[in-house]
Every structure is written in C-alpha cells, then in structure tokens.
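Take a look at the structure below.
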Amino acid sequence: MKELKEILQECKELSFDLNFTRAKNWKEEKEGRVLVGYMPIYFPREIIHAAGAMPVGIFGGGDIKQIIKGDAYYQSYICHIPRSIMEIALDKHLDHIDGFIFPSICDVIRNLSGIFKQQKIGKFVKYMDFPQNFLPEIGGVFYQQEMQHVLKYIKELNGVEVTIEALNHSIELYNRNRQLIDFIYRIRQDYPWRLSIEEVYCVVRAGTVIPVEEHNAILEQVCEHIKEDIGVPQDKIKVVISGAFCEQPALGLIRAIEEAGCYVVDDDYMLGSRMILGDVDATTDHPLESIAISYIKQSQYSSSIYDVHNPKENRLAKIVKDRGADGVIFAAASFCDPSLLDAPIFQNAFDKMGIRYISFQFSENINQYKVIKEQVGTFSDSIKLWENEEVVSI
Amino acid sequence: MSKEAQKEKSMILQKEMIEGLFSDLANAKELGKKVCYTFIPGNLSELIRTFDMLPVYPEINALQSAMRKKSAAYIKEAERNAHSEDVCTYVKCDVGMMMKGNIGPTGQKIPEPDVLLLSYTGCFTFLKWFETLKREYPNAKVIMVHTPYQENAEMTPEMTQYMVKQFKEEVIPQMEEVTGIKYDEAKLKRHLELSAKAEDLINEIFQTTKHKPSPIDAYFAGVYYIGPINIGFRGTQEAVDYYQELLKEIHIRIEQGLGPITPEGEMKEEKYRLVVEGPPNWTSFREFWKIFYDMGAVIVASSYTKVGGVYDLGWRHDPERPLEALAEYCMNCYTNMNIPQRIDLLKKCITEYDADGYVTNSIKSCNSFSAGQLGMMREIEDSLEVPVGFIESDLVDPRYFSYSNIKNRLESYFQMLEQRKKMEKEMETA
C-alpha cells in the first residue's frame, strides 16, 4: 500500500492535468480505444465504460488556464466555465478526446454544446437531455433512449456492441466507486481532521480522469489509511457546502474555507461522482433501465432537477442534520443561474428552520480569498462563541 | 384618412382582446374559471382553452411592468428577498410584483394560479421560476411538461412520443382534475385548426418585409404583432380576425409604397434593412426603437418574434394529430433549436429579406438567448460577409440600459453600413 501523502499528491496532479495525460495514455495503450469527455454535473459513466471507452470529466480551466480566446465567445455576464472550456478546446487540450457530452444543467452548458457542434470539435457532440419527468415509464424510457444515442455514437467509433454482462459489470465497478467515496465522507463526518476537504476533493476529482478500476484501487487505499486515527482535531465548526456543483472553485478556495474554521462535512463540488445514492441494480437483464430508475428514484437533489415533488430545501436540511453540521455555506459560481435562482428558496426555508448559513459567489479563476476567508471565519466564530444565542443569519 | 382608420382597427382589436383577458382574469372566480400560469415559449394555449382555463403569462406581466416603468421597484423588492442581481430580471420582476400585491398591467389584481403549467421549452430558468412560484402558491397544482431540446437539429419520433405520453398520462388527467372538465379532443382539434390559420397569417405578415420599402418593422412593431398569437389567443377566431385585419392594413401600405409606422409617424426613408437577434429592451423600448428609425433602419426579421413559435419554415399545428402537434409546437420554438439551427435560420432571414446587416442585442439576464451569441455572430459574419453589430442591454432592469453606450455603438455601426453601401455603389458604377 502506498503512503497516503504519495496518493494524495498523485490525485492532485491528476485532478488538474489539463492535458488529461492519463486518459491520453490509456487511449494509446491499445488501438481503437475511445475517450468520451463529459461536462458537469452528472453523466452515467457506466455506459461509456461498458462500451469499451473511457469517460473523461471536463470541469473547466480553473485558476490554471489563462483565458484569451474563450472570452471572445462569452459575454462578461456569463459564468466562467464555458469560456475556459472553449479555451482548453481551442488550445488543443481536448484533441485526443473523441466525443463530448453536455448534460442538461442550464442554458449556458446547453448552448455550449451548439458551439462545439458549430466549431466541429470532436467526432460527436451530444447534449444529454436528462428527463424532468420522473415516471419510469415516461421519463425513464426517454432517458434510456438518450443513453442509447450515446452508445450508438461510441459504436460508430469503436464498433463495440454493448452487452448486458458488460453493462452490469460496469455498474458494479461504479457502485463500488460510490461506496468507497461514501465511506470517506462518513469517516469525515465524525473525524474530519483525518483527511482535509482539499484532499477529499482531489481524491474524488482524480477519478473523473482515470479508469474507474484505477480509481477504485486508489479509493480502497485511502479508505484503509483514514480508518486509522490520523491527524489532529481542531476547534472548527462543521458545515455543508452547497451550490458549487458545476463550475469548480479553485483548490485554494476549497482549502481557505477549512482553514478559516469550517470542517466541510458534505459538499456538492464533485456532485456527479456522488449523484446516485446507493447502488444501481447490477443484476438485471435491463441494465439501462436500472441506470434510468436509479437516476429517477435515487438521485441527490440538484439545482438542475425539477424538484417540486421532493423539495430541495428539505433534502439539504436533512443532510445538515445527518452530518451533524452547524450550518451551510452557499457558494455559487458568479452568474450561475441554477445555483443563484435556488438561493432564495434555500435561504427563505432555512430562515424558518433556524439553519444558519452564509453565502458568497466565486469564479473558478479567482485566487484572492481574503474576503471570503474573513466571512467564513466570522461565521465560524459566531457559531462557536454564541452557539446558544438566537439565530441571526448573516 | 381611410388608411389611418384601417391601421387603428387592428390595434383596437388587439387592445380589446387583451383588456378582455385581463378583465376575465380579474373576475375569474365569478366566472368560475380556473387560472393557469404558463410561459410564452411552448405555450399550450389550445389545451388551456380546451379546459376553459384563463392563461397568465408572467413574462408578459414583467415586460408590461417595464414599459410602465414599474419593473425597477419590483426587481428591488425581489433582491431584498435574496434574489441575486445576476439572474433573469423577468423572474425578479414577477416575484416583486407578486410581493407588492400582484397588480397586473391594467391595474387589476391578477388572481392566484390554480395551475402552474410549466411547458419547459428552451429556457432552463422557467423551471427555476416555477419552483419559486410553487413555494409562494403552495395550493397550485404544478404540471410539468418536459420539452426535449432539438440538440441534433431534429424532432425525432421518440421525442414526440415522450411529450405525447406526458400529455396523455400527466398533463390532461391533471387538467381534468383541476377543472372538473373532461378532455374533449374534438374541441382541441377545432382550436388547432384556428391556430394553423393564424400561423399562416402571421407568417404571411412577417414575409411582407421582403418588400422594399418594408411596410412594417419586424422587431419593434413585430413584438406587438406576436401578442395575440402568443398570449393565449392562438386557436381562437379572434386571433384569426385580428391577423386578417392586420394583413389587410399591411397590404394597403405595400400598395401605397409606405414604410413602417413608428411612434413618431411613418418612417420616411428606408436606408438600412437589418436582422436582429435577441429580445428587445423593455424599460426604454421607445428610446431604443427611436435610435433605429432616426437612422432609417428597419428590422426586416428578428429571432425574438419566433420565441413563441417558428412558422417560417413551414411547420403548422396539425388538427389531425392534436397531441403530436402540441409536442412539435413546443419543440419548434426558437430557443429550443440548437445553435447551428439558429445560425441557419438567421442566415436564411438575412439572405431572403435582403438585409444590409445583422445586429445582436445581447440581454444580460437571458442566457437562453445570449450564451452562444458571439459565436453565432462570428459565423454569420464569416459566411455571409455581412456587417454585424453588437449591443448589450437587459429585459426589464433599467440599470442595464445605457442609452448613450447603445446609441454610440449603433451610430458607429450605421456609419460602417453607410461606408459599405457607398463602396458597393462605387464598385457597381465602376
């Protein structure tokens, strides 16, 4: 077993490798291999894996990539991630990726799929229209048809006809992946000092750019390490982060929140890797149906899923309670419609429920965190020092 | 004299129709009518009428508030209640209006919804908007229709079937439950027949801008022309009568060689023919329009007039396939088309309407339109070699309408068009 420090360093390098070197090497190891890029939030990677291809998460350029060409495609009042994705595409970082999937998150990512089509980037571009109808016989069927389209695109490139066995095997691998990530979060709920949120983030994000078998091996080792009583507890409150599910905050910002006095015991940073709660049935003769049903019935709440029959504020409140969190930090990417439009819903409900929160906006490329750090620090202090006082939201 | 009387008739007709709707809404309870909030893109007017419900369009209320200079106060009210400065101002204006008593554009109170019909077409924010409204109106029945996006520039049979299944198994049974009225397909078909007639007429009306001079402005006046077909009258004889009358008036203008009517009278000289992409600004609508007509610029086609349905590519409601027709209608609205489709449609307009230029009015708070507009503009400029202009404003937030910035940009743009015209003339002469 590798040292934890070594594993974490590897994960960090993988997470922010805008050349997607591991994926590129995987493709070159064998002729006919296909890479399929996908944007946030969630995509059922199982089906790409079962088709003999490798899914590659594309989460923007963060604070690593300077934006020059991308700004020519997006107005100043549009969030940062589409311009950084355009930048890395135009700078040929994505040249070895064969096809691109744009899950339905918002109008910006949807229209970015059109720009990819117009620019003829990749051998296929698929806007994945996730169902907003949650009846298995209606939305579930439509979702299966959407997955079939993706499989057809991949088959055109590698000739692989997906079998039931292959799909069930892939489902098993991703079930294991989610179980291991869940284990890490459960450990952190009680012992957040064993692995910082920055480290958790890198460990999870690394899994989006390497084969799932390799990621599972990494996760197994991380889980073994954090079963041990490592690290030193600090006097920090526990918080849940919500709203940063698409454009990702820079690693420095993720670190700054914890440094400022908040153990992050749950978050939606890499929501796609944790979207399905529990296992997907890997034993049926209809694995695509299993995947569809799991999305419809076992999804985490998301700002991109219509929720009136299962209100998101109640679901987030339950996470806060289950994790034993002291409050919530709403961190929305600037100009992120889904996150910002949800803010009043959450905040009005939390005012009534007495759940403490603060909110701020970020952009993937900001690297000055002083103001946010002060805000988070004050939030932490206010809870630590006046825990029993009447709740006043900041 | 007769010309003015004819012109007024269509306007009077429209005014009467809209006043009648708001009056009915104010008296919905007394009339025993259920109230259905819904949106313009993908509006299921015929189905709403089949169940005798009265429609309310929150985005129409928002733009009307803006034109009446009330939107700023409504937006502030919403922002005081945790709504971000950076999101759709239609949503904030609507929420603010609701918080201040929900008084509609005619000064009458708009009743609370019995149904929130979300035919989620081409705009993700609609979904968030009704999630917000559901929290405010907990007793309203939310009926969600997911309209698949034309991501591959097509409406496939499986997309249509997905929608038809939603109509059959979710939308119609819930509408029956709320209204107590049994679904009557024959009635729906009758509405659809009238819809197709109105669609033929409005298509013909927007085709008249091919004349030189163009008898109408297809953007600034166009937003009035699309009123009846978009706000609940599609599928009625009233709408057919209105469009017949309007077309008659336009034909008279064509016969007389007249240009568009502006708020300051008839436009004397048509100097530039433009195609515009993006919604207009509503808070300073008149000033915005004036910049164009003062320069002799007439809009011969616009994408905004297609948000409630694209009729110029031949699609019509087919009464013989009623639910399929409703599904296709929803999928065929402008913002539900992918970016290459939008580019093709705009290029077709520029070519067929013999436009001199292409202008994008980029709306700060409407990502459905705005995200991708710069790429579209570049593609249009490169492939057609047409001069392109770019301005920025907002829908209903007056803080984002900068008159002098927009005027400066447009003046420079018109100078460029002028230069180009001169050069073309010189080359022809040479």
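The values are calculated or read from the model by the stated rules, or taken from the named source; none is laboratory data. Computed from a prediction, not measured in an experiment: that's the story for all the values here. Methodologically, a virtual Cβ is constructed for each residue, glycine included, from the backbone with ideal geometry; neighbour enumeration extends over all protein chains shown. Accessible surface areas use protein heavy atoms only, side chains included; no ligands, DNA or RNA. Shrake-Rupley method; radii C 1.70, N 1.55, O 1.52, S 1.80 Å.
Under the Kirkwood approximation applied to all pairs of distinct alpha-carbon atoms, what is the hydrodynamic radius of chain B in Å?
22.2 Å
What distance in nm separates the two pseudo spin-label positions at B:K9 and B:R80, each 7 Å out from Cα along the beta-carbon direction?
4.9 nm
List, in order, the whole-Hz ³J(HN,Hα) value for each residue of the range B:98-106 obtained from phi through the Karplus relation with A = 6.51, B = -1.76, C = 1.60 and θ = phi - 60°; use x for Gly and Pro.
Each residue of the range B:98-106 in turn: 4, 5, 9, x, 6, 8, x, x, 8 Hz.
Please give me the summed charge of the neighbours of B:Q207: other residues whose Cβ is under 10 Å from its Cβ, Lys and Arg +1, Asp and Glu -1.
Values: positive: B:K210; negative: B:E204, B:D312, B:E352.
It works out to a net charge of -2.
Convex hull over the alpha-carbon atoms of the range B:2-182: what's its volume per residue in Å³?
Cα-based convex hull of the range B:2-182, divided per residue, equals 162 Å³.
So if I place +1 on the C-beta of Lys and Arg and -1 on the C-beta of Asp and Glu, and nothing else carries charge, what would the dipole magnitude of the range B:375-418 be about its Cα centre? I want it in debye, nearest 20.
220 debye
Under 1.5 on a/c is rounded, so check that first for the range A:35-161, then, if it is not, pick prolate when a/b is larger than b/c and oblate when it is not; a ≥ b ≥ c are the square roots of the alpha carbon gyration tensor eigenvalues.
On the way: a/c = 2.29, a/b = 1.44, b/c = 1.59.
Oblate, since a/c reaches 1.5 and b/c is not below a/b.
At a Förster distance of 60 Å, what's the computed FRET efficiency of A:E213 paired with B:I252, Cβ-Cβ distance as r, to 0.05? Before the final figure, lay out the partial values.
Numbers: r = 75 Å, r/R0 = 1.25.
Rounded to the nearest 0.05, the efficiency is 0.20.
Among B:G32, A:I85, B:M159, which residue has its Cα furthest toward the positive end of the charge dipole of the protein assembly as shown, with +1 on Lys/Arg Cβ and -1 on Asp/Glu Cβ?
Of B:G32, A:I85, B:M159, it is B:G32.
I need the calculated FRET efficiency for the pair A:D285 and A:W193, taking r as the beta carbon distance and R₀ as 41 Å, to the nearest 0.05.
With a Förster radius of 41 Å, E is 0.35.
Please check: in the Gaussian network model of chain A (C-alpha springs, under 10 Å), which one of A:I154, A:I366, A:I210 has the largest mean-square fluctuation.
A:I366
Counting pairs of alpha carbon atoms under 8 Å apart in space and at least six apart in sequence, what relative contact order in percent does chain A give?
This gives 20 percent for chain A.
With charges set only on the Cβ (+1 for Lys and Arg, -1 for Asp and Glu), what does the dipole of the range A:135-255 come to about its Cα centre, in debye to the nearest 20? Walk me through the numbers before you get to the answer.
Values: 12 positive and 18 negative charges, 78 e Å.
That gives the range A:135-255 a dipole magnitude of about 380 debye.
Using heavy-atom solvent-accessible surface (probe 1.4 Å) with all chains present, what is the largest-first order of A:E224, A:E199, A:E247?
Reading off the accessible areas and sorting them downward yields A:E224, A:E199, A:E247.
Skip the ligands, DNA and RNA, and give the accessible area per residue of the protein assembly as shown with a 1.4 Å probe, whole Å².
Working: 30580 Å² over 824 residues.
Heavy-atom accessible area per residue stands at 37 Å².
Over the protein assembly as shown, what is the percentage of antiparallel beta bridges among all DSSP beta bridges, to the nearest 5?
If I count the DSSP bridges inside the protein assembly as shown, around 5 percent turn out antiparallel.
Is there a simple number for the mean count of other chain Cβ atoms within 10 Å of the Cβ of residues in A:113-120, and what is it?
Across A:113-120, the average partner-chain Cβ count within 10 Å equals 6.
Which of the listed residues, A:N216, B:L201, A:Q347, is farthest toward the dipole's positive end in the protein assembly as shown, when Lys, Arg count +1 and Asp, Glu count -1 at the beta-carbon?
Final value for the positive-end residue is B:L201.
How large is the dipole of the protein assembly as shown about the Cα centre if only Lys and Arg carry +1 and Asp and Glu carry -1, each at its Cβ, rounded to the nearest 20 debye?
On the way: 94 positive and 122 negative charges, 247 e Å.
Using Cβ point charges on Lys, Arg, Asp and Glu, the protein assembly as shown gives about 1180 debye.
Note down the net charge around A:N365, summing +1 for each Lys or Arg and -1 for each Asp or Glu among other residues with Cβ under 14 Å from its Cβ. All intermediate terms of the calculation are to be shown ahead of the outcome.
Working: positive: A:K65, A:R83; negative: A:D63, A:D71, A:E87, A:E247, A:E364.
Here the charged neighbours net out to -3.
Using only Cα atoms, tell me the angle between helix B:373-384 and the longest principal axis of chain B; keep it within 0 to 90° and round to the nearest 10.
40 degrees
Shielding of A:68-74 by partners, i.e. mean partner chain Cβ atoms within 10 Å per residue?
Per residue, the number of nearby Cβ atoms from other chains is 2 on average.
If one computes the Cα centroid of the range B:353-430 and of the range B:127-157, what distance in Å separates the two points?
Answer, in whole Å: 33.
Please give, to one decimal in nm, the separation of the simple spin-label points placed at B:K69 and A:D351, each 7 Å out from Cα toward the Cβ.
Using points 7 Å along Cα→Cβ, the separation is 3.0 nm.
Loop only per DSSP, at most 12 neighbouring Cβ atoms within 10 Å: give me the chymotrypsin sites (Phe, Trp or Tyr not before Pro) in the range A:334-368, ordered by residue number.
In loop regions of the range A:334-368 (DSSP not H, G, I, E or B), there are no sparsely surrounded chymotrypsin sites (Phe, Trp or Tyr not before Pro).
Once you put a point 7 Å from the Cα of B:Q419 and another 7 Å from the Cα of A:K321, both along the Cβ direction, what distance in nm separates them?
6.8 nm
Need one number: % antiparallel among DSSP beta bridges in chain A, to the nearest 5.
5 percent
Report the dimensions of the range A:177-293 along its three principal axes from the alpha-carbon atoms, largest first, rounded to Å.
51, 32, 23
If I take R0 = 30 Å and measure r between the Cβ atoms of B:D24 and B:Q207 in this structure, what FRET efficiency does the formula 1/(1 + (r/R0)^6) give, to the nearest 0.05? Numbers along the way, then the final one.
Values: r = 33 Å, r/R0 = 1.10.
Efficiency, from the Cβ-Cβ distance: 0.35.
Whole percent per 20 Å bin, from 0 to the bin with the longest distance: what is P(r) over all C-alpha pairs of chain A?
For chain A, the binned pair fractions read 28, 61, 11, 0 percent.
Helix B:403-429: angle to the longest alpha-carbon principal axis of chain B, degrees 0 to 90, nearest 10?
Here the helix axis deviates by roughly 50 degrees.
Would you be so kind as to identify which of A:G61, A:Y201, A:I171 lies farthest towards the positive end of the dipole of chain A, taking Lys and Arg as +1 and Asp and Glu as -1 on Cβ and the Cα centre as origin?
Positive-end residue among those listed: A:G61.
What is the sum of charges around A:D235, taking Lys and Arg as +1, Asp and Glu as -1, for the other residues whose C-beta is under 11 Å from the C-beta of A:D235?
+1
Give the carbon-plus-sulfur fraction of the accessible surface of the range A:312-394 in %, rounded to a whole number; probe 1.4 Å, heavy atoms of protein chains only.
Accessible surface attributable to carbon and sulfur in the range A:312-394 totals 50 percent.
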